[in-house]
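Novice: Take this structure, written in structure tokens, and hold onto it; I'll ask about it next.
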Amino acid sequence: GMDFLDPDSPNHRWKRLEDQLYAALFGDVFEGGPHRILDAACGIGRFALPLARAGHAVVGVDACEPSLRCAERHLDNADPPGAVQLHWGDVRRLPDRGPFDRVLAIELLCYLDEPVAAAMELASVLEPGGVLVATVEAWPGALLADPSGLAVEELEAALTTHTLAVPGERWVRASGSEDLASILRSAGLDVLSVEGTHFLPDGPLGALVDPERAGEPGHDELVVALEARLRRDPALRTLPRAWVAIARRPR
């Protein structure tokens, strides 16, 4: 189930839809080039592989060895093979010092207890003028979308710390949009934008989406269009499941 790049995975079409939502907010960050890209916490190669296929040179780092083995398998089966170097390591002590002109930190900083330190490490390997794309779980959308595992007695702590923790299962600290911007500014980066995504798939309005229809062109296009409308709604725009930030290292 976690190897969702495999077409036989039950999550394959769902994750492909989520990738479209992310891509809608990446804008022209990865156009031009070719770029040298660091994919921090690259996992199974969700973004590394398509970026390599587009002609970029990608370095992937992840602390989860089984995920990297999946990424290697997908790279070996790619046609054409992607130009990706994979490293088993800690993104807070990067094995490749770059420089990179693009850095991806997708669903990373919210799972670290010292996100500013990690953001500083990522910023340090960006060349001047280089761009970082970071996503985190959003507050309060993440709580509203997935309160499972939390007891009512634990809600007070979650409201105080914005941490959604289930012992032995998950630990994530959700952020407001300004919280994420502050983390990136503390790392010395200029924040260009912070926008919400995943209002529907895996988000507070997830009950409206039929997982069995994911992958249908008309259905996915409608979801992407509705997400854009939700980002413009004065009230609902504050309730995404995730924030996507784009920041630049000053020249």
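Novice: Within region 129-157, can you find the residues that are hydrophobic (A, V, I, L, M, F, W, C) and closer than 30 Å to GLY98 by Cβ?
Specialist: Once the filter is applied, which keeps residues that are hydrophobic (A, V, I, L, M, F, W, C) and closer than 30 Å to GLY98 by Cβ, region 129-157 yields VAL131, LEU132, VAL133, ALA134, VAL136, ALA138.
Novice: Another question, then. Would you please name the residue that is most open to solvent (accessible area, probe 1.4 Å), looking only at residues in region 20-47 that are within 17 Å of the chain's Cα centre (by Cα) and without any contact (Cβ under 8 Å) to a residue 40 or more places away in the chain?
Specialist: Only one residue tops the list, namely ASP28.
Novice: Does region 113-124 contain any residue that is in a helix (DSSP H, G or I), farther than 24 Å from LEU25 by Cα and in contact with a Pro (Cβ under 7 Å, 6 or more places away or on another chain)?
Specialist: Within region 113-124, not a single residue is in a helix (DSSP H, G or I), farther than 24 Å from LEU25 by Cα and in contact with a Pro (Cβ under 7 Å, 6 or more places away or on another chain).
Novice: Considering only region 173-202, state which residues are at negative phi, part of a loop (DSSP other than H, G, I, E, B), in contact with a strand residue (DSSP E or B) (Cβ under 8 Å, 6 or more places away or on another chain) and not aliphatic (A, V, I, L, M).
Specialist: Result: GLY176, single match.
Novice: When you scan region 238-250, do you find a residue that is buried (at least 18 other Cβ atoms within 10 Å of the Cβ) and of a type in the set (Phe, Trp, Tyr), even just one?
Specialist: Yes, there is a match, as at least one residue in region 238-250 is buried (at least 18 other Cβ atoms within 10 Å of the Cβ) and of a type in the set (Phe, Trp, Tyr).
Novice: Next question. Under 19 Å from the mean Cα position of the chain (by Cα), open to solvent by less than 40 Å² (accessible area, probe 1.4 Å) and under 25 Å from GLU195 (Cβ atoms): does that describe GLY129? Talk me through it step by step, then tell me what you get.
Specialist: Working: under 19 Å from the mean Cα position of the chain (by Cα): no; open to solvent by less than 40 Å² (accessible area, probe 1.4 Å): yes; under 25 Å from GLU195 (Cβ atoms): yes.
So GLY129 does not fit the description; no.
Novice: Which residues, counting only those in region 60-89, are among the charged types (D, E, K, R) and over 17 Å from the mean Cα position of the chain (by Cα)?
Specialist: Step one: filter region 60-89 for residues among the charged types (D, E, K, R), giving 62, 65, 69, 72-73, 76, 79.
GLU65, ARG69, GLU72, ARG73, ASP76, ASP79, listed by residue number.
Novice: Being free of Cβ contacts under 8 Å to residues at least 40 places away in the same chain, closer than 23 Å to VAL244 by Cβ and among the β-branched types (Val, Ile, Thr) is the requirement here; does VAL103 meet it?
Specialist: Criteria not met by VAL103.
Novice: Need the failing condition index for PRO147 against (1) within 22 Å of GLU18 (Cα to Cα); (2) part of a helix (DSSP H, G or I); (3) open to solvent by 60 Å² or more (accessible area, probe 1.4 Å), just the number.
Specialist: That leaves (2) as the condition not met.
Novice: While we're on this one: Restricting attention to region 132-144, report how many residues are open to solvent by less than 10 Å² (accessible area, probe 1.4 Å) and assigned to a helix (DSSP H, G or I). Before you say what the answer is, go through the steps one by one.
Specialist: Narrowing region 132-144 to residues open to solvent by less than 10 Å² (accessible area, probe 1.4 Å): 132-136, 138, 141-142.
Adding the requirement that they be assigned to a helix (DSSP H, G or I) leaves 141-142.
Of the residues in region 132-144, 2 are open to solvent by less than 10 Å² (accessible area, probe 1.4 Å) and assigned to a helix (DSSP H, G or I).
Novice: Being open to solvent by 20 Å² or more (accessible area, probe 1.4 Å), modelled with pLDDT of 95 or more and farther than 15 Å from LEU109 by Cα, is that true of even one residue in region 165-182?
Specialist: Looking through region 165-182, none of the residues is open to solvent by 20 Å² or more (accessible area, probe 1.4 Å), modelled with pLDDT of 95 or more and farther than 15 Å from LEU109 by Cα.
Novice: Can you pull out the residues in region 1-19 that are part of a helix (DSSP H, G or I) and surrounded by 20 or more Cβ atoms within 10 Å (Cβ to Cβ)?
Specialist: Once the filter is applied, which keeps residues that are part of a helix (DSSP H, G or I) and surrounded by 20 or more Cβ atoms within 10 Å (Cβ to Cβ), region 1-19 yields LEU17, GLU18.
Novice: Six or more apart or on different chains, Cβ atoms under 9 Å: show the pairs whose first residue is in region 211-227 and free of Cβ contacts under 8 Å to residues at least 60 places away in the same chain and in a helix (DSSP H, G or I) and whose second is of a type in the set (A, V, I, L, M) and surrounded by 14 or more Cβ atoms within 10 Å (Cβ to Cβ).
Specialist: Listed by first residue and then by second, the contacts come to HIS219/LEU17; HIS219/VAL209; LEU226/LEU200; LEU226/LEU205.
Novice: Quick one: would you say TYR111 is among the aromatic types (Phe, Trp, Tyr), open to solvent by 40 Å² or more (accessible area, probe 1.4 Å) and on the phi < 0 side of the Ramachandran plot?
Specialist: Here the answer is yes, as TYR111 does meet what is asked.
Novice: In addition: Give the residues of region 114-123 that are farther than 9 Å from SER186 by Cα and either among the β-branched types (Val, Ile, Thr) or free of Cβ contacts under 8 Å to residues at least 24 places away in the same chain (or both), sorted by residue number.
Specialist: Correct list: GLU114 only.
Novice: Any idea which of LEU112, LEU68 is in contact with a strand residue (DSSP E or B) (Cβ under 8 Å, 6 or more places away or on another chain) and not acidic (Asp, Glu)?
Specialist: Numbers: LEU112 fails: in contact with a strand residue (DSSP E or B) (Cβ under 8 Å, 6 or more places away or on another chain).
Step by step, each of LEU112, LEU68 is checked, and only LEU68 is in contact with a strand residue (DSSP E or B) (Cβ under 8 Å, 6 or more places away or on another chain) and not acidic (Asp, Glu).
The values are calculated or read from the model by the stated rules, or taken from the named source; none is laboratory data. If you're wondering where the values come from, they're calculated on a predicted model, not measured in any experiment. Virtual Cβ from ideal backbone geometry, glycine too; neighbours counted across all protein chains shown. Ligands, DNA and RNA are excluded from the accessible area calculation, which covers all protein heavy atoms including side chains. Shrake-Rupley method; radii C 1.70, N 1.55, O 1.52, S 1.80 Å.
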